[in-house]
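Everything below concerns the one structure shown next.
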Amino acid sequence: AHKRAHKNATMKVMDDVIVIGAGISGLVIAKQVATQGKRVRLVEARPFVGGRLRTVDGIDTGAAWTWPGDKHVRSLAKELGVGLFAQPADGKLVYDSSWGAQEQRDEGAAGPGASRFAGGAGGLARRLHESLDVPTHLNAAVTAIRVDDDGVACEMASGEVLKGRCAVVTAPPRVALEIRYDPPLPRRKREAMASIATWMADAMKVGLAFETPWWRERGYSGAVFSESGPLSQIWDNSDGDQYALAGFAFGRNMLALKAMPEPELKATVLAQLKKVYGSDVVVGDPTRVVSTAWLDEPYTFAPNPAAQTRSYGRPELGATHASKLFFAGTETDPAQGHIEGAVRSGRKAAADVLDFLASAPASSEKKTSSCAQT
């Protein structure tokens, strides 16, 4: 149950905008708005920034790629001094089907022209956060949002209330529905948010690091498409001289893998590699295994509805509520759930916030405020 806001709760000086969620969308908004001299406060439910951009021991366990047409995220990477490198695709790709393993030329496991970020996608998010000079609250879940004539009051799970002239929600739409809104969201917006699939919520990513890129030495690109799994897709996830393979698991395979202790997980995926490539090709045991099962992430996964759609970018998803509450995130953009969509939606929301702040008169700021129950 949501806690109620305390009456006469001590309030900080009113911020211009409270950004809810410190994934790449929220970080972009915070940067763009703060650069214009506005007071920004960043609130994140997780204990770290980056959201679904997560790199563990050099291996991306969330978002990873960018493509040639991604002008927004590529300009951001350039601005932050984060380099790009082409997704390795030299060599043979393996299809592991019920008919047996078949080899063919790899034309890009992640699609033509795919590139990754030097230091991982999580490093891009961390670099952006490091460039900010705004208050950041971690382990700070927002449970209720009230919009009134004075601005927006965000109630935290701790009972603390943060007040801003406006706010932006960047959590995945289905997760954002778990926040209580006053006034309530319109029915069409609620229905759109409930029906949209959350990118990565049904996936698990597993990465294995190796001392040498043994697959390259035998003429393979590292890319595998498998019907039997447990990883349905595998690719070369190396970064410089840190050699690794990583892959996706879904459905029953994901449920089985995420229940395994780390030694069993490592052994199971290694057995798949030996089955696909042959025991004589796979050289050495993995030096480490990393994984993220996004199903276990409460701020990414919300229980699936009976029917869900990937109609990302539906107008209702990004529609402003009560003139002061904005919405952003990759699901609000048409870009297929990619990082580009997250960055582009963040830039759009930041522009909308700045327009609002320029047109709306600032109310008198008070150190303390009586906050009605929400």
* So for the chain: antiparallel DSSP bridges make up what percent, rounded to the nearest 5? -> 65 percent
* Mean separation of Cα contacts under 8 Å, 6 or more apart, over the residue count of segment 136-244: relative contact order % -> 17 percent
* First measure r as the distance between the Cβ atoms of Ala351 and Ser75, then evaluate 1/(1 + (r/R0)^6) with R0 = 25 Å and state the FRET efficiency to the nearest 0.05. => 0.95
* **Over the chain: helical MRE at 222 nm, DSSP H runs n ≥ 4 each giving -39500 (n - 2.57), nearest 500** => -7500 deg cm²/dmol
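What's the exposure ranking of Asp57, Asp285, going from fewest to most Cβ atoms within 10 Å?
Values: Asp57 14, Asp285 11.
If I rank by nearby Cβ atoms, fewest first, I get Asp285, Asp57.
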* Largest-first principal axis extents, alpha carbons of the chain, Å -> 72, 40, 33
* Asked: So what is the relative contact order of segment 179-289, in percent, for Cα pairs below 8 Å that sit 6 or more residues apart?
  -> 30 percent
* Ranked list, fewest to most other Cβ atoms within 10 Å of each Cβ, for Trp215, Trp199 -> Trp199, Trp215
* So what is the relative contact order for segment 124-192, in percent, with contacts set as C-alpha pairs under 8 Å and at least six apart? -> 26 percent
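None of the figures in this text is laboratory data; all of them are computed from the coordinates on show. Note that this is a predicted model, so its numbers are computed, not measured. Neighbour counts run over all protein chains shown; Cβ positions are idealised from the backbone, glycine included.
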